[in-house]
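Report on the structure given below.
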Amino acid sequence: MNENDASLESGDKAVPHWYVIQCKGGESFRAVEHLANQGYEVFHPVLEVQKKRRGKLEWISEPLFPYYLFIRLDQLVSNWRPIRSTRGVLKLVGFGDMPVAVNDDLITTLREHGSERDDATANLYFRTGDAVTITEGPFKELQAVFAGHKGEERAIVLLNLLHRQQRLEVPVEQLRRS
């Protein structure tokens, strides 16, 4: 009996494990879609972040680990061959020719603490106390301190004018981090 037969008897290889897939640049969402369509169980942790695009703040999904995702495979039952030729996939991460399994506890932790957008407690583009620069209008290029949001498109900033701190309401798209 060789060591592979011994591990089969102990059940090590009959249990599915999580593995890491490296994706082609910017194609992790495509890889997830195509792998899921082929019936694979995939986990692609993403963050919902607010970014400024074309002068407006928008919510977008960004991968927690750019260029990487997780796939659950069984060494005996799963068909590994189509993975590498799936659109968006570059390779299975491993040492030599052997993919390396990821600890299930890591995946469990990532799933439990995953970031989901919650408008009440979201990580907004600007946070109270952030140093900002006004980019347009009569106060252009002046430094200020972000004090808070007023609705979705307006912000309150604290601006030092005439040796006093003044509250000023400006459109959020007219601010950038200093």
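The values are calculated or read from the model by the stated rules, or taken from the named source; none is laboratory data. Quick caveat, the model's predicted, so the values are computed rather than measured. Glycine gets a Cβ as well: all are built from the backbone with ideal geometry, and neighbour counts include every protein chain shown. Side chains are part of the model used for accessible areas, which takes the heavy atoms of the whole protein and leaves out ligands, DNA and RNA. Shrake-Rupley method; radii C 1.70, N 1.55, O 1.52, S 1.80 Å.
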Taking the stretch 48-75 and keeping only residues that are part of a strand (DSSP E or B), charged (D, E, K, R) and either under 16 Å from residue 172 (Cβ atoms) or under 12 Å from the mean Cα position of the chain (by Cα) (or both), one is left with 48, 51, 52, 53, 56, 58, 62
Here the residues within the stretch 47-81 that are at pLDDT 85 or above and at positive phi are 67
Considering the stretch 1-45, residues that are assigned to a helix (DSSP H, G or I) and either hydroxyl-bearing (Ser, Thr, Tyr) or in contact with an Asp or Glu (Cβ under 7 Å, 6 or more places away or on another chain) (or both), and then whichever is modelled with the lowest pLDDT, we arrive at 7
Flagged in the stretch 136-159 as open to solvent by 100 Å² or more (accessible area, probe 1.4 Å) and assigned to a strand (DSSP E or B), in numbering order, are 143, 150
Residue pairs qualifying under the 8 Å Cβ cut-off, at least six apart or on distinct chains, with the first in the stretch 16-33 being of a type in the set (S, T, N, Q) and the second being open to solvent by less than 60 Å² (accessible area, probe 1.4 Å) and in a helix (DSSP H, G or I), are none
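Looking at 167, 84, can you tell me which residue is open to solvent by 30 Å² or more (accessible area, probe 1.4 Å), within 20 Å of residue 32 (Cβ to Cβ), at pLDDT 85 or above and among the basic types (Lys, Arg)? Give the steps one after another, and end with the answer.
Working: 167 fails: within 20 Å of residue 32 (Cβ to Cβ).
Answer to the selection: 84.
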In the stretch 78-89, anything in contact (Cβ under 8 Å) with a residue 40 or more places away in the chain, farther than 13 Å from residue 29 by Cα and of a type in the set (A, V, I, L, M, F, W, C) is listed as 83
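Residues in the stretch 87-122 that are at pLDDT below 85 and open to solvent by 40 Å² or more (accessible area, probe 1.4 Å): how many? If you could, list the steps in order and put the result at the bottom.
Applying the first criterion (at pLDDT below 85) to the stretch 87-122 yields 97, 112-122.
Retained after the next criterion (residues that are open to solvent by 40 Å² or more (accessible area, probe 1.4 Å)): 97, 112-121.
Final tally of qualifying residues: 11.
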